[in-house]
Each structure stands twice: as structure tokens, then as C-alpha cells.
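Derivation of every value follows stated rules applied to the coordinates shown; laboratory data play no part. Just so you know, these numbers come straight off a predicted model, no measurement behind them. Neighbour counts run over all protein chains shown; Cβ positions are idealised from the backbone, glycine included.
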Amino acid sequence: MHLKSLTVKGFKSFASSTTLRLEPGVTCVVGPNGSGKSNVVDAISWVLGEQGAKALRGGKMEDVIFAGTSGRAPLGRAEVTLTIDNSDNALPIDYTEVSVTRRMYRSGESEYEINGDRCRLIDIQELMSDSGIGREMHVIVGQGQLDSVLQARPEDRRGFIEEAAGVLKHRKRKEKALRK
Ligand code: ATP
Ligand code: MG
């Protein structure tokens, strides 16, 4: 499984529809300060259902919608589509390619789609839950977060790694079983 492409439209600094194609392996996004590199990562968290404005570096959820610039009027909605290559069936769905879309209006209402069909947020969360890219996972290391990982106590750092690797839930289950 790998991320294949990301299309952002009206999301943060991306007013016009913009598609980033991602290949297997490492992708680097380079650009000057304030050019929108972190906004790309925010778009990935957001489309997977992130509900916290702070996690998206904003004050309120509406802040993800393109707010306008001196030469361009604000937009009324943000839309992001993340396409995932699922040819190894890592996601429990019968498609070799899975597209997840989130759309949000200024009213605050969000719409979600899996392969173009309307769905609920929980459907997306369940689809991603065992993939290692779901929300509340330490898979996305934000700017500045790296320091806290490097400076963490060894046992805390182990916790981060276990969570990213998907072992934490098994450890918790084991601890619960042993307590009984
Ligand atoms: P750095 O190298 O400093 O980390 P960066 O490339 O990660 O920079 P981002 O934080 O992704 O930059 O982008 C910040 C830019 O996005 C700012 O110019 C900000 O004005 C713009 N921006 C954020 N939200 C919106 C929005 N809702 N509408 C329009 N522009 C926005
Ligand atoms: Mg940044």
C-alpha cells in the first residue's frame, strides 16, 4: 500500500485544484518558507478525518478553507482527495485503488466519500484503522515534534515507535488480559 496522489482544492493556500503524484518510496516536498509544504501534510490528516483545528494549525475548523489573498477572493469550500494504491489489499476493501474525499463548507458541515460514494466519517476511520495511517497515530511527525521525540525519555520514545508500528494496541490488550 502506498499513497498514490493527493488533490487539494480550496484547502488552505491551495485555491486552484492541485494534484501531487506520489511514487512508492520517499517523497520530498521542497519550497520556501510559507509556500505550503506543511499544508500538504495537513491535507492528508484532514481528509482522513482530523477533527481538531489545533492539529491542523488553525484556530477553528473553517480556517482550512482558502481565505483569499489580495488578488483572489475567499472560497466557500475546501476539498481534498487522497488516492491510495491498494493492490496488496492492505485496506479491507475490494478495490486496487481507493480514493477518500472530504469536503467542507463554511457552515462547518463535512462530507466524506470512499471511491466517490458518500459515506460517514466512521467508515473512513474503520477502513484505515489497521493500516497504520489512521488518525491519532504518531505516523505524522509535525514540525517541532521531532525535537520532543528525540528528547523524550527512552521509555516514552519506545511508546511512539510501538504506536507507529501498531504494537501498542496489542501490548494494551496483553496488559488488560494479565490483569484479569
Ligand atoms: P515553513 O517552511 O515555514 O514550514 P511551509 O511551506 O510549511 O513553511 P505552510 O505552513 O504549509 O508553509 O503554509 C503557510 C501558508 O499558508 C501561509 O502563507 C498562510 O497564509 C497560508 N494559509 C494557511 N491557511 C490558509 C487559508 N485558509 N487560506 C489561504 N492561505 C492560507
Ligand atoms: Mg512547514
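Within region 30-65, the set of residues being within 15 Å of ligand 2 (Cβ to nearest atom), basic (Lys, Arg) and in a loop (DSSP other than H, G, I, E, B) comprises ARG57 only.
The criterion of at least 3 residues that are among the aliphatic types (A, V, I, L, M) is met, among strands (runs of 3 or more DSSP E) falling completely within region 67-157, by 77-85, 97-105. Does region 9-29 include one or more residues that are assigned to a loop (DSSP other than H, G, I, E, B), surrounded by 19 or more Cβ atoms within 10 Å (Cβ to Cβ) and among the basic types (Lys, Arg)? Yes, region 9-29 has at least one match. Among residues of region 39-83 being more than 11 Å from ligand 1 (Cβ to nearest atom) and basic (Lys, Arg), the one that is surrounded by the most Cβ atoms within 10 Å (Cβ to Cβ) is ARG77. With respect to the conditions (1) of a type in the set (Phe, Trp, Tyr); (2) farther than 18 Å from ILE44 by Cβ; (3) crowded, with 16+ Cβ neighbours inside 10 Å, TYR95 falls short on a single one, namely (3).
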